[in-house]
Amino acid sequence: MTASKDVADAGAPILVVEDSPTQAEELRYLLEEHGYRVTVAATGAQALAAARREKPALILSDIVMPEMDGYAFCKAAKSDDQLKDVPVILLTSL
């Protein structure tokens with residue numbers, strides 16, 4: 001069994017940071033179909049709070065967002081001792 005399959009079988013938590021409700025729900029649907037537990041946050045600040053409540057196995061973040069863009073969010077997450085080891089993938093539709 002592959003490592004990625006093991007993570008999905010365990011229902012690994014994934015945090016999706018996306019200000020577009022349509023894009024967020026599409027990502028949630030795709031990930032949940034593969035067995036992941038998904039939390040969605042619409043802003044970087046909401047995402048940091050959610051990640052501190054339950055440390056995700058992976059963070060998928062949009063780049064272009066109001067208030068705190070994906071780069072600033074990533075920097076904040078990597079500066080947090082609790083979250084610095086969580087992989088972050090930045091996404092954009094641009």
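The values are calculated or read from the model by the stated rules, or taken from the named source; none is laboratory data. The shown structure was predicted, so the numbers you read here are calculated from the model rather than taken from an experiment. Glycine also receives a Cβ, built like all others from the backbone with ideal geometry; neighbour counts cover every protein chain displayed.
Pairing residues of the range 11-24 that are under 19 Å from MET68 (Cα atoms) with residues that are among the basic types (Lys, Arg) and not in a strand (DSSP E or B), at Cβ distances under 8 Å and at least 6 apart in sequence or on separate chains, gives VAL16/ARG28. For the range 9-28, a residue qualifies if it is of a type in the set (D, E, K, R), over 13 Å from ALA41 (Cα atoms) and either in contact with a Phe, Trp or Tyr (Cβ under 9 Å, 6 or more places away or on another chain) or buried (at least 17 other Cβ atoms within 10 Å of the Cβ) (or both), but none of them does. Scan the range 43-94 residue by residue and report those that are under 17 Å from PRO13 (Cα atoms), among the hydrophobic types (A, V, I, L, M, F, W, C) and either in a loop (DSSP other than H, G, I, E, B) or modelled with pLDDT under 95 (or both). Answer for the range 43-94, where residues must be under 17 Å from PRO13 (Cα atoms), among the hydrophobic types (A, V, I, L, M, F, W, C) and either in a loop (DSSP other than H, G, I, E, B) or modelled with pLDDT under 95 (or both): ALA57, LEU83, VAL86.
Counting only residues that are part of a loop (DSSP other than H, G, I, E, B) and small (Gly, Ala, Ser), which one in the range 30-42 is nearest to the chain's Cα centre (by Cα)?
ALA42
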